[in-house]
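The values are calculated or read from the model by the stated rules, or taken from the named source; none is laboratory data. All values derive from a computational prediction rather than experimental measurement. No Cβ is skipped: glycine too gets one built from the backbone with ideal geometry, and neighbour counts run over all protein chains shown. Just so you know, the surface numbers come from the protein's heavy atoms only, side chains and all, with ligands and any DNA or RNA stripped out. Shrake-Rupley method; radii C 1.70, N 1.55, O 1.52, S 1.80 Å.
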Amino acid sequence: MEQNYLIIALKLLGSLALLIFGMKMMSETLQKMAGPQLRHILGRMTTNRFTGMLTGVFVTAAVQSSTATTVMTVSFVNAGLLTLAQAISVIMGANIGTTMTAWIMSVGFSFNITDFVWPTFFIALILIYRKRHESIGDFLFGIAFLLLGLGTLRQTGVDMNLGENQTLLNFFSSFDPNSYVTTIIFLLIGGILTMCVQSSAAVMAITMILCSSGALPIYQGIALVMGENIGTTVTSNLAALTASTQARRAAFAHMFFNLFGVFWILILFRPFINMVCGFVGFDTELTREAGETAFLANAAKLSVVLATFHTCFNVMNTAVLIWFIPQIEKIVCKVIKPKAAKGGTEDADEPERLKYIDGGLMRTPEISVLQAQKEINLMGDRMQRMFGFVQTLLEEKNSEEFEKQYERIEKYEGISDNMELEIATYLEKVSDAHLSDDTKGKIRSMMREVSELESIGDSCYNMARTLKRRNNEKIDFTEELYQRIHEMMRLAERSLTQMNIVLKGRREDLNMKQTLDIEEEINELRTDLKKRNIEDINDRRYDYSVGTAYIDLIAECEKLGDYVVNVVEAKLM
């Protein structure tokens, strides 16, 4: 007998593992096939709270992962493409979209769904070996594993005879069904289980087994479902502890949404559940005394009751809270304060860590690329700011101020080196995940962008070193040389500005013409200034040492222009 229980327990654990793996495979494959499109949808379809909510529903139902939608949303908030208020509306929609999972499970518990598994496996295998349809094959494999997990769970529940297990029945009957304390206890159990297994889907499946077998009363089962809603938000809040302020605010808004929903459901607990049961045709008064067959037939409807409750709960919660998004935003901002900035000036104390990439890889690698792109955009801004420091250094006559400015440039050089290394390392990790061909190409381009941006930092530092050499050797440029250097630096500044416009824009909306035009001007001016420099030295208008320092600055500006062209080329290729 003990051996039978062991086999059943292993079947239960294995089928739960299949279920979770199938959902994960489905989600990742869908993101791989549609990742870039999903990013564009999120960016363009959130013009107001209602379109934001509908976008959250659509994207979450498509990828079968509210986590993926929330991560994408937070990344857009960090990127400045969405406001926190818009993000809250998307998260509300994600809560509705994720109820699709409960309906899939409900169907799986209504009949023997494993009959559809074996042909699905066969079709998926054929598609995988046809390279063009490999992603569709992976997706079908995910569906097949999900259905197999559901079917095995259902059969395991039947084999366990939970509805006839007197120990289990006595345990559940020991709780007073009319007591709010019982509801709170089961709510806490649902939350803790979800945090332990890191999957609300798995806990929902267990709840459906217990309810549909007749072992767990509907009221306690729904309390477990409410606990799952809270448990999944606690997990995301713990994960967001080390993330950016906006990420923590979005995670807290998700928790606030679900806590508020649980609060009002607890007030209307029995009337609301009775209403849902009425929709489905479930008789809450029917007991075993009415006959075993009728009781079990009624209990079989409970998986549909749970799915209906889950949907009604989230739809009604959204219908209430969507009108109070500005107030929720204020509460969230008041509770989650921004992290104290280091130092007192804008740049003096640039963060040692990256700003948008935080806490390792995201659980949705396809979307992690957006975070890396934001870091690259920030790196582009910093390189332009660093070049501005060089221009200031050129004019600085006070030795003390000169040293401070030189140290600032030196610090930025270290920052650019660190950023290159950290972003490149991050992109290498992302590239190991399952990604679409479009995203793989994007990663290769981004690796090149990072390398060329770091070279721009090297050029700026080389110019600073040339100016320091000028000071140490007690030489100075003539007024005419200063004018020529300023003319070249203005062109270099224009090229950097255009580069940052390209980095922050969409590839389809941009071209290289402006960048190449500026580069051509830089090359022509460099050629002209080199020729005139030789003539001026021969005419003894200034010393050879002055001419060398001067032409070094001009050459570095021209190199900087080349690196800018390489960055833009990498972005637009």
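Computed quantities for the displayed model
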quantity	calculated
Which numbered condition F139 misses (of (1) at pLDDT below 75; (2) open to solvent by 30 Å² or more (accessible area, probe 1.4 Å))	(1)
Scope segment 431-450; condition part of a helix (DSSP H, G or I) and either in contact with a helix residue (DSSP H, G or I) (Cβ under 6 Å, 6 or more places away or on another chain) or surrounded by 16 or more Cβ atoms within 10 Å (Cβ to Cβ) (or both); matching residues	S431, D438, T439, K442, I443, S445, M446, M447, R448, E449, V450
Answer residue from segment 306-347, given it is open to solvent by less than 30 Å² (accessible area, probe 1.4 Å) and either of a type in the set (S, T, N, Q) or outside any helix (DSSP H, G or I) (or both) and is modelled with the lowest pLDDT among those	D347
Only one of L286, L306, L259 that is in contact (Cβ under 8 Å) with a residue 60 or more places away in the chain, under 27 Å from S179 (Cα atoms) and not aromatic (F, W, Y)	L306
Within segment 165-188, considering residues that are among the aliphatic types (A, V, I, L, M) and either part of a loop (DSSP other than H, G, I, E, B) or surrounded by 17 or more Cβ atoms within 10 Å (Cβ to Cβ) (or both), the one modelled with the highest pLDDT	L187
Residue ID - surrounded by the most Cβ atoms within 10 Å (Cβ to Cβ), chosen from residues in segment 507-536 that are at pLDDT 90 or above and of a type in the set (A, V, I, L, M)	I522
Filter result for F295 (in a loop (DSSP other than H, G, I, E, B), open to solvent by less than 40 Å² (accessible area, probe 1.4 Å), under 30 Å from G227 (Cα atoms) and modelled with pLDDT under 85)	no
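Matching residues to (1) of a type in the set (G, A, S); (2) in contact with a Ser or Thr (Cβ under 8 Å, 6 or more places away or on another chain); (3) at pLDDT 90 or above; (4) open to solvent by less than 70 Å² (accessible area, probe 1.4 Å):
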site: L354; (1), (2), (3), (4): no, no, no, yes
site: I376; (1), (2), (3), (4): no, no, yes, yes
site: M383; (1), (2), (3), (4): no, yes, yes, yes
site: M386; (1), (2), (3), (4): no, yes, yes, yes
site: S399; (1), (2), (3), (4): yes, no, no, no
site: K404; (1), (2), (3), (4): no, no, yes, no
site: E407; (1), (2), (3), (4): no, no, yes, no
site: K411; (1), (2), (3), (4): no, no, yes, no
site: T425; (1), (2), (3), (4): no, no, no, yes
